[in-house]
Structures are given as structure tokens and as C-alpha cells.
1. So which of Gly40, Gly45, Gly24 ends up being of a type outside the set (A, V, I, L, M, F, W, C) and surrounded by 14 or more Cβ atoms within 10 Å (Cβ to Cβ)?
2. Which members of region 86-109 meet the condition of being among the charged types (D, E, K, R) and free of Cβ contacts under 8 Å to residues at least 40 places away in the same chain?
3. Working carefully through the options Ala73, Ala19, find the one that is surrounded by fewer than 15 Cβ atoms within 10 Å (Cβ to Cβ), within 16 Å of Ala127 (Cα to Cα) and within 18 Å of the chain's Cα centre (by Cα).
4. Of the numbered conditions (1) modelled with pLDDT of 95 or more; (2) assigned to a loop (DSSP other than H, G, I, E, B), Leu48 satisfies every one except a single condition; which is it?
5. Look through region 1-16, keep the residues that are free of Cβ contacts under 8 Å to residues at least 24 places away in the same chain and closer than 23 Å to Gly122 by Cα, and return whichever of them is surrounded by the most Cβ atoms within 10 Å (Cβ to Cβ).
6. Leu58: under 24 Å from Trp41 (Cα atoms) and of a type outside the set (S, T, N, Q), yes or no?
7. Report yes if some residue within region 95-117 is more than 24 Å from Pro39 (Cα to Cα) and buried (at least 19 other Cβ atoms within 10 Å of the Cβ); otherwise report no.
8. Could you list all residues from region 59-85 that are touching a Leu at 6+ places or on another chain (Cβ under 8 Å) and in a helix (DSSP H, G or I)?
Amino acid sequence: MADLARYVRRFRNLRLLRASLALGAAFDAVFAVLMLAAPGWLAAGLRLPLPPRFYLWLLAVLLLMLAALYLLAARDPRRYSGIVRVAIAGRLAGAAALGLAAAREPAWSALWGPAVADALLGIAPAAFWHPSRR
């Protein structure tokens with residue numbers, strides 16, 4: 001019976017890992033689309049200066065590539081375990097960078113929201129990744 005419970009828990013964690021990676025993909029894709037379709041609205045919402053469009057386009061392309069990698073990892077986390085590790089580390093590093101920017105520059109306090117989102121999108125797969133590997 002203990003083996004069955006461990007088996008069930010392992011695959012529940014795997015489902016949650018896959019869901020957290022898919023959520024990360026959606027988060028990045030939404031930000032990329034907003035950078036392309038409504039950069040002024042996004043900049044106003046985050047109370048940030050609007051950079052030249054070229055930089056927004058470049059960031060949007062990178063975010064869409066990242067979202068695609070997240071979807072690959074969400075589909076088969078065992079096969080793409082390297083992507084899962086990079087996703088966890090990258091999200092946590094992104095959260096730290098956004099938090100540091102928000103802490104150092106009071107005018108950028110709206111960055112706390114994306115910082116917390118990045119932290120949660122890094123913590124969730126980390127929490128589900130380790131138990132699903134046992």
C-alpha cells in the first residue's frame with residue numbers, strides 16, 4: 001500500500017510540475033504579446049519608461065522562444081530535464097533581478113508584481129520537480 005501511495009504522489013507531482021511549466025509558458029507568451037501589441041499600456045501599467053521598439057521586439061522574440069521551451073518541458077519533463085533546471089534557476093534569478101530593481105528605484109515599485117510572479121513560477125516547479133524524480 002505504501003508503494004501505491006508513493007506512486008500516486010509521484011505522478012501527482014509530475015502533473016503539477018507540468019502544469020507549473022505550462023503556466024510559466026503562458027506568462028511569458030502574454031508578456032511577449034503585450035510588448036508587441038500594447039507596449040504603451042504595459043509600460044504605463046508597470047510605470048516604466050517605454051524603451052525603443054527594437055528592444056521590445058527583441059525581448060518579445062526571446063520570451064516567445066522561452067515559452068516554447070517551457071512547453072517542451074511541460075510536455076515531457078523527464079526528457080527535457082535540463083530545461084526544467086534552467087527554468088527554475090532562471091525564474092528565481094529573474095525574480096531577484098526584478099526585486100532588486102524595485103527595491104533600489106522607488107519609481108519602479110510596480111516591478112514587485114512580476115518579481116513575485118517569477119519567484120512563484122520558479123518555486124512551484126522546484127517544489128514539484130524533486131519529489132517526482134524519486
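The values are calculated or read from the model by the stated rules, or taken from the named source; none is laboratory data. Keep in mind that what you see is a predicted model, and the values were worked out from it rather than measured. All Cβ positions, glycine included, derive from the backbone under ideal geometry; neighbour counts span all protein chains shown.
1. Working: Gly40 fails: surrounded by 14 or more Cβ atoms within 10 Å (Cβ to Cβ); Gly45 fails: surrounded by 14 or more Cβ atoms within 10 Å (Cβ to Cβ).
So the residue among Gly40, Gly45, Gly24 that is of a type outside the set (A, V, I, L, M, F, W, C) and surrounded by 14 or more Cβ atoms within 10 Å (Cβ to Cβ) is Gly24.
2. To start, the set of residues in region 86-109 that are among the charged types (D, E, K, R) comprises 91, 104-105.
Scanning region 86-109 gives Arg104, Glu105.
3. Details: Ala73 fails: surrounded by fewer than 15 Cβ atoms within 10 Å (Cβ to Cβ).
When all the criteria are applied, what remains is Ala19.
4. Going through the list (1) modelled with pLDDT of 95 or more; (2) assigned to a loop (DSSP other than H, G, I, E, B), Leu48 breaks only (1).
5. That would be Arg12.
6. Numbers: under 24 Å from Trp41 (Cα atoms): yes; of a type outside the set (S, T, N, Q): yes.
So Leu58 passes the test.
7. No, because not a single residue in region 95-117 is more than 24 Å from Pro39 (Cα to Cα) and buried (at least 19 other Cβ atoms within 10 Å of the Cβ).
8. Initial filter on region 59-85 (touching a Leu at 6+ places or on another chain (Cβ under 8 Å)): 60, 70-71, 73-74, 77, 80, 83-84.
The answer is Ala60, Tyr70, Leu71, Ala73, Ala74, Ile83, Val84.
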